[in-house]
Amino acid sequence: MAKAKGKAKQMKGKMKEAAGKATGDRTQEAEGRSEQVSGQAQEAAQKAADRVKKQTGR
């Protein structure tokens, strides 16, 4: 579930970044990049948690 939320945040960020580029709004563009990084971190954290669960059997 968290991986899906991370992917969704990345997609939202990509759209926001593209809209910022299209309109010349650097703030929106930066916010979009920030959301993408946040989504990637969320996804990576969930992958790590999944690996721990798999290794520990919990």
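Rule-based calculations on the coordinates, nothing more; no lab input. What you see is a predicted model; the values in this text were computed from it and never measured. Reconstructed Cβ throughout: ideal geometry from the backbone, glycine too, with neighbour counts over all protein chains shown.
Before moving on, here are some points about what is shown:
- With θ taken as phi - 60° and the Karplus curve 6.51 cos²θ - 1.76 cosθ + 1.60 applied, the whole-hertz 3J(HN,Hα) list for the range 16-32 is 5, 4, 4, 5, x, 5, 5, 9, x, 8, 5, 5, 5, 4, 5, 4, x Hz, x standing for glycine and proline.
- The chain: relative contact order as a whole-number percent, Cα under 8 Å and 6+ apart: 42
- Exposure proxy ranking for 9, 47, based on other Cβ atoms within 10 angstrom of each Cβ and starting from the fewest, stands as 47, 9.
- ³J(HN,Hα) computed for each position of the range 42-52 - Karplus, 6.51 cos²θ - 1.76 cosθ + 1.60, integer Hz, glycine/proline x: 4, 5, 5, 4, 5, 4, 5, 4, 5, 5, 4
- Overall, the anisotropy analysis places the range 3-58 in the prolate class: the square-rooted eigenvalues a ≥ b ≥ c of its C-alpha gyration tensor yield a/c not less than 1.5, with a/b exceeding b/c.
- The amide H of residue 25, built 1.01 Å from its N in the peptide plane, has no neighbour under 5 Å, considering only residues 5 or more places off or on other chains.
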